[in-house]
Amino acid sequence: MLRNKSFVKRTRKGNIVRTVKEHYLRDDIACGLETCAHKVCAQARKDAEEQRPAPAGAANPAAPLSAAPRDSTEWGRHYLVPDTNAFVNQIDIFERPIINNVVVLSTVLDELRGLSMAVYNRVRAVVRDSERRWFVFSNEHHRETFVERAAGESPNDRNDRAIRTATAWLRDHLAPASIAPVLVTNDEGNLRRANDDGLSACRMDECLKVYCEHPELLDMMGSVNITDRNADGPDWQGYPEHLSPVQVQAGLKGGMLVQGTLQIAPFNYLEGSILAALPGGKERRVLVLGRADMNRAVQGDRIAVQLLPKSQWRKAPSAALIDEDEDAVPDVDKKADEAAVPAAQASDERAPKRARTAGGEDAAPEESIALADVGDDAADGEPTGRVVGIIRRNWRSYCAFLDPNFASKGARAASGPATVSVLAMD
């Protein structure tokens, strides 16, 4: 079946040209399952063996997917079908040898080629490894999985629909073998539509929970979008608001706050510290542990820190915060905000002269600690605090990845500077 694909593009000289490409659709494309009984798949395996015989014990290049993939309680035996963003954001995880039996759609490869050639080449390298059992399914050239772009539909929405259509076809085709394709995506809209269509779909972190014997995979997750996770949940209200400069100065003069330059531990980005001047001219290190207590402060910032109750001080070096799950951030914020003033009463009462609870009543004395109460007793542990204000930012040059989806066309075309938002990862 022949179709024509036409599009308009701009040349390097600035001319607008219309390009027409012939697009062939076929009905003899195999699914990749090594034991599929469909006549098309069986013929594809036979042709591959005749053209290029595989070594003994090696997978057939036309059907590398195992007939006994990983089993789970939720999906049973399944194959992974990642979308483009899953590969772009989590390619380090997919390169791990434990991630096998993955179906790579041609739609995803085409998008990767345009977004990042580095990620595209890394995916291709894994596909060439026969031991990994990855298979490229040409859904863009399959008669039953090719989709036309609808009127008014964006290219991204069309590609997401093509991915869901291919996943639905694989679901029906693999049903006799009792194997389910699982769409892996962190796109909330794509995930919701896949669930509405009756497809097996999950987020990346939910997919990794199946590999319970490899907990390090969850630690490797990158590009976490806080707004995607429990955005409507009652626990997560964002980071606590910083105190105003007037309130910070009042807290420093009143002995309720300490100040210093934040130094991040070289081998633990979740642990920071400052050297705070205590009454009597003594200097003592104050720890700041976790994302919530750091409160958006970065290396080199001059910060104002409120000491936590002694019951929350670190008692021994073995209690250092080594890792922190993103889901635990709301709970940490909740504990840290028990001594803070509610946002609805954001006035001079927010100055840390006396802690107040959410009900407006005075908190118990142990919920705040003055500098005069900090002694040298090692039994109390190391003083630990949380950032309540940033006195001076350590402005410097940063290296960041610019997502083209978050930059306007005018900003990309202009040669001048533009303002963008950057999510710090380290």
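Quick rundown of the values:
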quantity	calculated
Which listed residue, of Glu131, Glu74, is charged (D, E, K, R) and closer than 21 Å to Cys202 by Cα	Glu74
Residue selected from the range 163-188 under the condition of a type in the set (Asp, Glu) and over 20 Å from Ile91 (Cβ atoms), by the criterion most open to solvent (accessible area, probe 1.4 Å)	Asp172
Residues of the range 28-47 classified as touching a residue at least 24 places away in the same chain (Cβ under 8 Å) and part of a loop (DSSP other than H, G, I, E, B), total	9
Test result for Asp157, part of a helix (DSSP H, G or I), over 21 Å from Pro97 (Cα atoms) and open to solvent by less than 80 Å² (accessible area, probe 1.4 Å)	yes
Qualifying positions in the range 33-62 - of a type outside the set (A, V, I, L, M, F, W, C) and touching a Lys or Arg at 6+ places or on another chain (Cβ under 9 Å)	Glu34, Asn60, Pro61
Qualifying residues in the range 140-154 (those that are over 30 Å from Asn60 (Cβ atoms) and touching a helix residue (DSSP H, G or I) at 6+ places or on another chain (Cβ under 9 Å)) - the one least open to solvent (accessible area, probe 1.4 Å)	Glu153
Number of positions in the range 278-314 that are in contact with a Pro (Cβ under 8 Å, 6 or more places away or on another chain) and open to solvent by 50 Å² or more (accessible area, probe 1.4 Å)	1
Counted residues, the range 239-274 - those being among the β-branched types (Val, Ile, Thr) and under 24 Å from the mean Cα position of the chain (by Cα)	1
Any pair with Cβ under 6 angstrom, 6 or more apart, that starts in the range 172-187 at a residue that is within 13 Å of Asp205 (Cα to Cα) and in a helix (DSSP H, G or I) and ends at one that is of a type in the set (A, V, I, L, M) and open to solvent by less than 20 Å² (accessible area, probe 1.4 Å)	none
Any hit, the range 253-274, residues being free of Cβ contacts under 8 Å to residues at least 24 places away in the same chain, on the phi < 0 side of the Ramachandran plot, part of a strand (DSSP E or B) and open to solvent by 50 Å² or more (accessible area, probe 1.4 Å)	no
Number of the condition not met by Asp228 [criteria: (1) of a type in the set (Asp, Glu); (2) open to solvent by less than 50 Å² (accessible area, probe 1.4 Å); (3) modelled with pLDDT of 85 or more]	(3)
Answer from Val305, Val288, Val298, Val248 - the residue that is under 24 Å from Arg396 (Cβ atoms) and part of a loop (DSSP other than H, G, I, E, B)	Val298
Neighbours by Cβ (under 9 Å, 6+ apart or cross-chain): first from the range 54-66, at pLDDT 90 or above and hydroxyl-bearing (Ser, Thr, Tyr); second part of a loop (DSSP other than H, G, I, E, B) and open to solvent by less than 40 Å² (accessible area, probe 1.4 Å)	Ser66/Ala59; Ser66/Asn101
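The values are calculated or read from the model by the stated rules, or taken from the named source; none is laboratory data. Not measured: the values here are computed from a predicted model. Cβ: placed from backbone, ideal geometry, glycine included. Neighbour counts: every protein chain shown. These accessible areas exclude ligands, DNA and RNA; they are computed on the full protein's heavy atoms, side chains included. Shrake-Rupley method; radii C 1.70, N 1.55, O 1.52, S 1.80 Å.
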